[in-house]
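Input: a single structure, listed below in structure tokens.
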Amino acid sequence: VQLVESGGGLVQAGGSLRLSCAAFGSSFSINSMGWYRQAPGKQRELVATITSGGGTTNYADSVKGRFTISRDNAVNTMYLQMNSLKPEDTAVYYCNVKAGPFRYWGQGTQVTVST
């Protein structure tokens, strides 16, 4: 499975960005999908997850009310709408996909929030 991420960049605090993660080449149905992030010197952490049908979402406390995860199963693409961004949101954001018994990671996209 190839995961192609896009949408990262530099934004001022209070601004918004939308990340996308498109999955290609899966022989299995794509089940749960999620976004993780890793800031310099820190461990990778969960940001948000969404179930296969999109009916259940889960968010880290630090992003609740500001970020929204969604997916379009017709095109095997997941999104992360990030609003009211803060400097502490600065990190490399990775998408993660479970397809059959396997998990896959995207290459990461940099999000930088300036003060």
Worksheet item: Considering V63, V75, which residue is in a loop (DSSP other than H, G, I, E, B) and open to solvent by less than 50 Å² (accessible area, probe 1.4 Å)?
Response: V63
Fill in: Test: residue in the range 11-19 that is small (G, A, S), surrounded by 12 or more Cβ atoms within 10 Å (Cβ to Cβ) and in contact with a Pro (Cβ under 8 Å, 6 or more places away or on another chain)
yes
Response to the item:
Going through the range 61-77 in order, the residues found to be modelled with pLDDT under 95 and of a type in the set (A, V, I, L, M) are A74, V75
Item to complete: Being open to solvent by 80 Å² or more (accessible area, probe 1.4 Å) and over 14 Å from C95 (Cα atoms) narrows it down to one of S52, S29, so name that one.
Response: S29
Item to complete: Name every residue in the range 33-43 that is more than 12 Å from the chain's Cα centre (by Cα) and surrounded by 12 or more Cβ atoms within 10 Å (Cβ to Cβ), in order of residue number.
Response: A39
Item to complete: Give the number of residues within the range 1-60 that are assigned to a strand (DSSP E or B) and modelled with pLDDT of 90 or more.
Response: 32
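The values are calculated or read from the model by the stated rules, or taken from the named source; none is laboratory data. These figures come from a predicted structure and were not determined experimentally. Positions of Cβ are backbone-derived with ideal geometry, glycine not excepted, and every protein chain shown enters the neighbour counts. Surface accessibility is based on the protein's heavy atoms, side chains included, excluding ligands, DNA and RNA. Shrake-Rupley method; radii C 1.70, N 1.55, O 1.52, S 1.80 Å.
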